[in-house]
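Take a look at the structure set out below.
The values are calculated or read from the model by the stated rules, or taken from the named source; none is laboratory data. Since we're looking at a predicted model, the values are computed, not measured. Counting neighbours? That spans all protein chains shown, and the Cβs are built from the backbone with ideal geometry, glycine included. Just the protein is used for accessible areas: all its heavy atoms, side chains included, with ligands, DNA and RNA removed. Shrake-Rupley method; radii C 1.70, N 1.55, O 1.52, S 1.80 Å.
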Amino acid sequence: QVQLAESGGGLVQAGGSLRLSCTASERTFSSWFMGWFRQAPGKEREFIAAISRRGASIYYADSMKGRFTISRDNNKNTVYLQMDSLKPEDTAAYYCAARVGGISQHQGHYDYWGQGTQVTVSS
């Protein structure tokens with residue numbers, strides 16, 4: 001059972017930055033394709049970005065391009081989400097997820113999920 005733990009969320013002013021981290025319990029982390037999603041109150045969970053096992057392939061949702069950057073460090077079993085120029089509408093719970101079968105934007109394709117970290121952007 002893979003356990004994922006997100007961290008780095010918090011309260012930030014509009015225009016600020018945060019870097020989220022997601023650390024996996026498995027030493028086979030480099031075998032997993034990783035993704036970041038978010039869910040705002042009253043809204044469906046939405047895809048942000050995904051990254052391949054060694055980071056060679058990265059995919060972003062069109063609406064997330066330019067302000068969000070996904071990366072990973074397999075030596076630390078960690079995937080990151082750098083968020084810049086944050087806006088109040090970025091307020092949401094942010095989740096990382098892992099899957100074996102390939103890079104994907106579809107939440108239903110992911111096998112394991114973290115419990116989420118809250119990001120609140122004040123205006």
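For Gln82, neighbours were defined as the other residues whose beta-carbon sits under 10 Å from its Cβ, and their charges (Lys and Arg +1, Asp and Glu -1) total +1.
A 1.4 Å probe run over the protein chains yields, for segment 46-92, 50 Å² of accessible area per residue, whole-number rounding.
In order along segment 100-111, the Karplus-derived 3J(HN,Hα) couplings, from 6.51 cos²θ - 1.76 cosθ + 1.60 at θ = phi - 60°, round to 9, x, x, 5, 8, 9, 9, 4, x, 7, 8, 8 Hz, and Gly and Pro are given as x. Other residues within the sphere of radius under 11 Å centred on the Cβ of Val121, judged by their own Cβ, net out at -1 (K and R +1, D and E -1).
Within the same chain, aspartates and glutamates fewer than 8 places from Lys76 are excluded, and of the rest, those with a Cα less than 13 Å from its Cα are Glu26.
Taking 0.36 nm per residue of separation and subtracting the Cα-Cα distance, full extension of the segment from Asn75 to Arg54 would add 6.5 nm. Of all aspartates and glutamates in the structure, the ones whose alpha carbon falls short of 12 Å from that of Lys65, not counting any fewer than 8 places away in one chain, are Asp84. Between the C-alpha center of segment 86-123 and that of segment 1-36 there is a gap of 9 Å.
Rounded to the nearest 5, what is the percent of antiparallel bridges among the DSSP beta bridges in the chain? The antiparallel proportion sits near 90 percent. Placing +1 on the Cβ of every Lys and Arg and -1 on the Cβ of every Asp and Glu, with no other charges, gives segment 11-50 a dipole of roughly 60 debye about its Cα centre. Using Cβ point charges alone (K and R +1, D and E -1), the dipole size of the chain about the Cα centre works out to roughly 260 debye. Within the accessible surface of the chain, defined with a 1.4 Å probe on protein heavy atoms only, the carbon and sulfur portion equals 42 percent.
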